[in-house]
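Let me begin by presenting the structure, written as structure tokens, before commenting on it.
FYI, it's all coordinate maths here, none of it is from the lab. Every value quoted in this text rests on a predicted model; they were computed, and no experiment measured them. We place every Cβ from the backbone using ideal geometry, glycine too, and count neighbours over all the protein chains shown.
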Amino acid sequence: MTLTSTTTSDAVPAQRQDESPSKPPSSLAARAFAVQAAFTQLPGEVHSLCAIAGAAGLDDATTHRILKTGVTDGTFEQVGRGRYRLGTATARAGVQAMAHSPSAASTHTILEHLHATTGGLALLYVLSPFGGAKRLCTDYVIGDLDPAEVGMSAADVVSVSRSLRTGASGRVILAHLPQSIQDLVLAEEVPPTAGPGVIRDNDALAASLDEIRRLGFGVGRQECMPGWDSVAAPVLWHDSIMGAVLLLRRTTEMPADLRPLIYHTRKAAESISELTASPIAAAV
């Protein structure tokens, strides 16, 4: 996930040390896809022709022809002289793809099972890139608990719960995002009403993301609010992050051995991931 530094150009990400240089794409279709993929590899939103060509592994002339064709159909947008960003057609394609996510009934059943087997609050968060990368809770199972007992105001829910800097579910999602988006989130301020356990130091936060990717889950200790701990696991569509399943319990009720809670949380996230990757299964 973390990119190595480069001395040739700050705009073009360096090759990962564990990857060998790849050959330039040969077919016209492969070249077009390489140009589109370059936007996901580069930091920021708007990029120069040179940077895009470098990331795509193509010469400037070929890249320019592909960009000009893409501007016509809205795949790319030209911003100023010789600078481009992804266009509305790309966004429409992404929305269309995500619309085939699992049904609410299917995911709710999985959350109900997680709540029943662990006694904790089970929540499903999804990644929302609109207006900056953040998370949104789309479903939950909390049993007989009064939501007011969680101890968060409406303002707290908007500020703290949406931030990818706070909480196990936020960090789990953040850990699987491209480095360029991680950098944007790390540049954000920590919500002032975050819990006492929130990780404020960016180096420590980055280290926690490495650990999450290695282990496949995250643990939060009073990160979003005092008195509540959590376990979270990623919901993936193949290798792309879609969201996270969160298990929330009072700090006083968290067992010393978290392995059973981790197992059930990961199982729930994997079940939703399987539904996400299989439209036929999700529709049943």
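Worth a mention:
- Remark: spin-label model distance Arg65-Thr109 equals 5.2 nm, labels positioned 7 Å along the Cα→Cβ axis.
- Protection proxy ranking, peptides 86-92, 245-251, average beta carbon neighbours within 10 Å, highest first: 245-251, 86-92
- Approximating the spin labels as points 7 Å out from Cα along Cα→Cβ, the Asp203-to-Lys267 distance works out to 4.0 nm.
- Net charge over other residues, Cβ less than 12 angstrom from the Cβ of Ile181 (K, R count +1; D, E count -1): -2
- For segment 37-51, Karplus couplings with θ = phi - 60° (6.51, -1.76, 1.60), whole Hz, Gly/Pro x: 5, 4, 5, 7, 9, 8, x, x, 10, 10, 9, 7, 4, 4, 5
- Listed peptides 258-271, 225-238, 37-50 by packing density, highest first (mean Cβ within 10 Å): 225-238, 258-271, 37-50
- Taking θ as phi - 60° and the Karplus parameters 6.51, -1.76 and 1.60, the scalar couplings of segment 198-205 work out to 4, 8, 8, 6, 5, 5, 5, 5 Hz in sequence order, x denoting glycine and proline.
- Here Asp183 and Thr251 are evaluated by their C-beta separation; at R0 = 22 Å the FRET efficiency comes out at 0.10.
- Descending by average beta-carbon neighbour count within 10 Å, the peptides 73-79, 172-178 line up as 172-178, 73-79, the highest first.
- Each other residue within a Cβ distance under 15 Å of His238 adds +1 if Lys or Arg and -1 if Asp or Glu, for a net charge of -3.
- What the Cα atoms of segment 29-136 give is an Rg and a Dmax of 19.2, 60 Å.
- Applying the Karplus relation 6.51 cos²θ - 1.76 cosθ + 1.60 with θ = phi - 60° to segment 168-179 yields 3J(HN,Hα) values of 4, 5, x, 5, 5, 5, 4, 4, 9, 8, x, 4 Hz, where x marks Gly and Pro.
- Amide hydrogen proximity for Thr75: with H placed 1.01 Å from N in the peptide plane, the residues at 5 or more positions away or on another chain lying under 5 Å are Ala89.
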